[in-house]
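Please treat every number below as a calculation from the coordinates, not as lab data. Keep in mind that this is a model prediction, so the values were computed, not measured. Note that each Cβ is placed from the backbone with ideal geometry, even for glycine, and that neighbours are counted across all protein chains shown.
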Amino acid sequence: MKRSYLCFLLRIWQVGDQDSGVRALLEEPGSRNLIGFASVQDLCAYLETISSDLEEATSAEEDHSPMILPSSRFRRRPSNSP
């Protein structure tokens, strides 16, 4: 069976002062594999590569339209909410 999607937990943090840049870490939830990146550019390059590989691996007959979620799913809760 072909894999039709990828799932990651993304962590991004600043290193040192503002000029030092950021680091990023992707974790695959099922396997707990970790992939670290020294910059956002490295992260984006990796994501471009794996998304291209995924597009090539899936058949042209599959629906590749984006899933639209209600905007309420993306609202942050106030910090005093449980």
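Numbers below:
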item: From phi via Karplus (6.51, -1.76, 1.60), per-residue ³J(HN,Hα) for the stretch 25-33 in Hz, x at Gly/Pro; result: 9, 9, 10, 7, x, x, 9, 6, 5
item: Packing-based order for 4-14, 22-32, using average beta carbon neighbours within 10 Å, highest first; result: 22-32, 4-14
item: The stretch 1-57: relative contact order as a whole-number percent, Cα under 8 Å and 6+ apart; result: 28 percent
item: Stretch gain in nm, segment Thr49-Asn33, where the contour uses 0.36 nm per residue and the Cα spacing is subtracted; result: 4.0 nm
